[in-house]
Amino acid sequence: MAESTKTQTDDVLARIRSGEQDAFVVLIRRYERSLVALIRSRLGAVEAVQDVFQETLVHAWTGLRTREPRDVRAWLYQVARNRCSDYLRAAQRREFALPDAALAVMVDRRGVADARRRRVVDEVVETFEALPAKERRALKSFYVDGFSIREIAAREDSPPGTIKRRLSHGRDRVRGLLGIASERRRMDMSNNSLVAKAFPADRPSIGIERVKAKASDVDMRELIWWFALPELHDEVHWAEYQPVDGGSEWRLTHASAMRAQRQAVIHDLECVEIEVKEQGLTVAGVPVPPTGDRHTRVWGRLTDAEVQWIGVERLATDGTRKLYTFLDDHFEEDFGASPRRIPAGEYLTEAPGGLSRREDTPERFADGVFAVRVGEATFRCTRVIELSLAPAEWDVVIVAYVDAAGRTVLFRRYDDDRREVPGESRPRREILPQAEQLIVDGNTYVHSFDYVTATACGVIG
C-alpha cells in the first residue's frame, strides 16, 4: 500500500474511533462490493445476504471504535466470515433433526461431495440392472472389473468388435435412462492447442460516434472485463495496447487467448474451466512493462443473476503455480461476482471543468449507443462505464463498448492522474500529455490502456 493511501486510511480510522459515522461510511464504501460478494459466496442464499451484511456493519462499527487493526481490509473480511458462520449455525439449529447416517456425512469435511458421488453411483448401478444381460456384463467387466476388451472377448467367446458395440450401446442406454445428453466433440482435436493470435504491432485506428438511440440495460455474461464467457467451448482473443511518445502512438504490449475447456467443481460449486494463454511483449517507453507472472487457467460460472469468478491460477517466473479461489482472502475484492444486468440511464451530466454524476449513480452503468470503428470494421455498441463509488488515487475508470450479443468490442482504461507509474514521480497527465483525459467529479483520469478483441481487429487464423 502506498504511504499516502495508508495515511488516508489511518486518518479515517482515527475519525471512526472518535465517533464520526461519516468516516465509517467512507471506509465501508471502499469494500462494500467485495464484502457483499464474500457473504453471498459463503451463504449461497441471496435473501439472507443483506441481513448478514447489516450484521457485519454493526459489528465492524462497534469493533473499530475500540481497536486498531493492522490490515483493516483483512479484518473486515474476517468480521464478515464470522457473521456468515453465526447465520449458518443459527440456520442449522432451526432445521429438522437429521438421521444419524446423514449427520455423520455432514460432519465430514468432504461429506457433501462424497454423498453426491455415492448417490450418482447408486443411480448408475440401478441403471445397469435395467440393461440387457450382454450389455450389462460388458459394462461391468470393462468399467468395474477392469478387464480389457480383448479379455472380455475371450471370456464371452465373441469378437472384440462385438464387445466394442455392446459397450457403445450400453453407454448410450445408460445416458438415456439417466437423462444425460451425449457430449460430442465440437473442436478439431487434431489442432487443439490454444495459441494467442498475432495482432498488429500498432493499434488500428479507432473512431467513436454517438448514435441517436436510447441505451437499454445490458446483459453482461462475460467474466467482467476479461471478455470470456464461462460457457463450454467459448473462445476469445484480445490484445492490450499502451500509449508511447506521450500518448501520440499506441503499441501492442500483450496478446491473450481464452477457451472454455471443460466442466469443473471447486469447493462444491459447479463451474467452467477456462484455459489462458498470454504473451507479453517488451516495448520501450510504455507506462507499464509486462510482468513475469502469467495466468494459465481461470474458473467461472454463470447464474441467472450473476457472473461469478470461482478460481484463478497464476504461474510465477520460478515455475510455482498458485491457485486462488473465492474462499481465499482478498479474492472477492480482486475478482468476485458481478451482476449480469447493467442498468441504463443518464447518470453523467456536463459540468464546469468536466463531468458530474448523479447521487444515485451505480458503480457500473450503460449510458448511450455508439458506432465504434476499429480499422475498417464498424460495430453498433452500448457504452458501459464503471466508476468507483469511493474514488481514491489508485482507482481507474472503465469505458467499454459492448455489442448486441453482450460481447465487448473495445475496452478503454483511464487511470487516476495520481496513480503511480513505475520509475516516474510525475503525474500521468504529464507523462502522457497527448492522451485523452476524463474529469469526473473533479478527479482527473488519463487514457492509459486499450483492449481490442480479435473480432474487432479483423484478426483471423
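Under the condition of being modelled with pLDDT under 95 and of a type in the set (A, V, I, L, M, F, W, C), which residue from the range 229-251 is surrounded by the most Cβ atoms within 10 Å (Cβ to Cβ)? Filtering first and then ranking leaves ALA239. One residue alone among ALA257, ALA213, ALA239 is in a loop (DSSP other than H, G, I, E, B), of a type in the set (A, V, I, L, M) and either in contact with a Lys or Arg (Cβ under 9 Å, 6 or more places away or on another chain) or closer than 26 Å to SER41 by Cα (or both), and that residue is ALA213. Scanning for something at pLDDT below 90, aliphatic (A, V, I, L, M), touching a strand residue (DSSP E or B) at 6+ places or on another chain (Cβ under 9 Å) and in a strand (DSSP E or B), does the range 268-286 turn up at least one residue? Looking through the range 268-286, at least one residue is at pLDDT below 90, aliphatic (A, V, I, L, M), touching a strand residue (DSSP E or B) at 6+ places or on another chain (Cβ under 9 Å) and in a strand (DSSP E or B). For ASP172, the criteria (1) closer than 20 Å to ALA138 by Cα; (2) among the acidic types (Asp, Glu); (3) at pLDDT 80 or above hold in every case but one, which is (3). Among the candidates ALA405, ALA400, ALA456, the residue that is of a type outside the set (Phe, Trp, Tyr) and under 25 Å from GLU350 (Cβ atoms) is uniquely ALA400. The number of residues in the range 427-456 being in contact (Cβ under 8 Å) with a residue 12 or more places away in the chain, assigned to a helix (DSSP H, G or I) and more than 24 Å from the chain's Cα centre (by Cα) comes to 3. Selection of helices (runs of 4 or more DSSP H) fully inside the range 43-156 by the criterion of at least 3 residues being closer than 19 Å to GLU332 by Cα and modelled with pLDDT under 85 returns 46-64, 72-94.
The values are calculated or read from the model by the stated rules, or taken from the named source; none is laboratory data. Note that this is a predicted model, so its numbers are computed, not measured. Don't worry about glycine lacking a Cβ; one is built from the backbone with ideal geometry, like all the others, and counts go over all protein chains shown.
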